[in-house]
Ligand code: CO
């Protein structure tokens, strides 16, 4: 598309947006935050950008999803699954919660896992934590956080399980290591679900990986992996101290 045509389209888009914006304002009232209304504009421009590259992009994507990756990550806004592994819509199935915890009685997480494994047939499940995780940090204090303390108790269990290793570290190192250990234990939880065990027994289950992401450098590190034929989880050497120091 020529520059003129491109700009022409953009101008047209801008006019449409103005009309749409007014319509949204009228529909939702003046009380709606401008920041929220602007999301419709951003969505329209994003959709138009992709359709300029491939007019059939959305109609093709609407026909089916066939992701090979199931991502279990933290809800932290800085750890957006698709963006940090640079995959477009349709390529990764996602479940996120505070501190990427996998609890065997959490019907939400288990339902998404079941769909990923049994219906989508994903080839890999990735539990991805991150250094500087607020949920992990909160679990290390005795402060009263209200309801969420019930959730954070799962991380406190991880801390108790690895007490001997964590005890010898200073607070900064302990928090970093707990971010890693939390991922490893949540991977163990995934591998112990009836969903993954049944799939492995049937010979078609996914690999399960544990990763940790550095907020300070935008890079992923591998922590552990279990493949269907492995007798147990393979825990890799902890990332180096230099890696751990990459932290805001
Ligand atoms: Co987090």
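Could you check residue 141 against (1) without any contact (Cβ under 8 Å) to a residue 24 or more places away in the chain; (2) closer than 27 Å to residue 114 by Cα; (3) assigned to a loop (DSSP other than H, G, I, E, B) and say which number it fails?
Just one mismatch for residue 141, condition (2).
For residue 93, indicate whether it is in contact with a helix residue (DSSP H, G or I) (Cβ under 9 Å, 6 or more places away or on another chain) and farther than 17 Å from residue 186 by Cα.
So residue 93 fits the description; yes.
Can you confirm whether residue 85 is out of contact with any helix residue (DSSP H, G or I) (no Cβ under 8 Å at 6 or more places or on another chain), assigned by TED's automatic domain parsing to the domain that holds residue 184 and more than 14 Å from the ligand (Cβ to nearest atom)?
Here the answer is yes, as residue 85 does meet what is asked.
Restricting attention to the range 88-109, and to residues there that are within 16 Å of the ligand (Cβ to nearest atom) and assigned to a strand (DSSP E or B), which single residue is farthest from the chain's Cα centre (by Cα)?
In this case the residue turns out to be 97.
For residue 30, all conditions in the list (1) modelled with pLDDT of 60 or more; (2) part of a helix (DSSP H, G or I); (3) over 30 Å from residue 93 (Cα atoms) hold save one; what is the number of the exception?
Residue 30 satisfies all of (1) modelled with pLDDT of 60 or more; (2) part of a helix (DSSP H, G or I); (3) over 30 Å from residue 93 (Cα atoms) except (2).
Would you mind stating whether residue 221 is without any contact (Cβ under 8 Å) to a residue 24 or more places away in the chain and assigned to a strand (DSSP E or B)?
yes
Do any residues in the range 88-108 that are in the same structural domain as residue 131 (by TED's automatic domain parsing) have Cβ atoms under 6 Å from those of residues that are more than 10 Å from the ligand (Cβ to nearest atom) and part of a strand (DSSP E or B), where the two are at least six apart or on different chains, and which pairs are they?
Between residues of the range 88-108 that are in the same structural domain as residue 131 (by TED's automatic domain parsing) and residues that are more than 10 Å from the ligand (Cβ to nearest atom) and part of a strand (DSSP E or B), the close pairs are 92/69; 92/71; 93/70; 94/71; 95/72; 100/72; 100/127.
Go through (1) over 18 Å from residue 139 (Cβ atoms); (2) in contact with a helix residue (DSSP H, G or I) (Cβ under 8 Å, 6 or more places away or on another chain); (3) touching a residue at least 12 places away in the same chain (Cβ under 8 Å) one by one and return the number of the condition residue 175 breaks.
In the conditions (1) over 18 Å from residue 139 (Cβ atoms); (2) in contact with a helix residue (DSSP H, G or I) (Cβ under 8 Å, 6 or more places away or on another chain); (3) touching a residue at least 12 places away in the same chain (Cβ under 8 Å), residue 175 misses (1) alone.
Please state which one of 130, 95 is under 30 Å from residue 57 (Cα atoms), modelled with pLDDT of 95 or more and surrounded by 17 or more Cβ atoms within 10 Å (Cβ to Cβ).
95
Taking the stated definitions as given, is residue 198 free of Cβ contacts under 8 Å to residues at least 24 places away in the same chain, outside any strand (DSSP E or B), more than 16 Å from the ligand (Cβ to nearest atom) and within 24 Å of residue 107 (Cα to Cα)?
Yes: the conditions hold for residue 198.
For the range 144-172, give me each residue that is part of a loop (DSSP other than H, G, I, E, B), closer than 18 Å to residue 98 by Cα and out of contact with any helix residue (DSSP H, G or I) (no Cβ under 8 Å at 6 or more places or on another chain).
Listed by number, the residues that qualify are 144, 146, 147.
Just give me the residues in the range 122-131 being within 15 Å of the ligand (Cβ to nearest atom) and either in contact with a helix residue (DSSP H, G or I) (Cβ under 6 Å, 6 or more places away or on another chain) or not assigned by TED's automatic domain parsing to the domain that holds residue 98 (or both), in sequence order.
Within the range 122-131, 127, 129, 131 meet the criteria.
Give the residues of the range 98-108 that are surrounded by 14 or more Cβ atoms within 10 Å (Cβ to Cβ) and out of contact with any helix residue (DSSP H, G or I) (no Cβ under 9 Å at 6 or more places or on another chain), sorted by residue number.
106
Could you identify the single residue in 112, 136, 119 that is touching a helix residue (DSSP H, G or I) at 6+ places or on another chain (Cβ under 8 Å), assigned by TED's automatic domain parsing to the domain that holds residue 182, at negative phi and not in a strand (DSSP E or B)?
136
The values are calculated or read from the model by the stated rules, or taken from the named source; none is laboratory data. Keep in mind the model is a prediction, meaning the values are calculated, not measured. Counting neighbours? That spans all protein chains shown, and the Cβs are built from the backbone with ideal geometry, glycine included.
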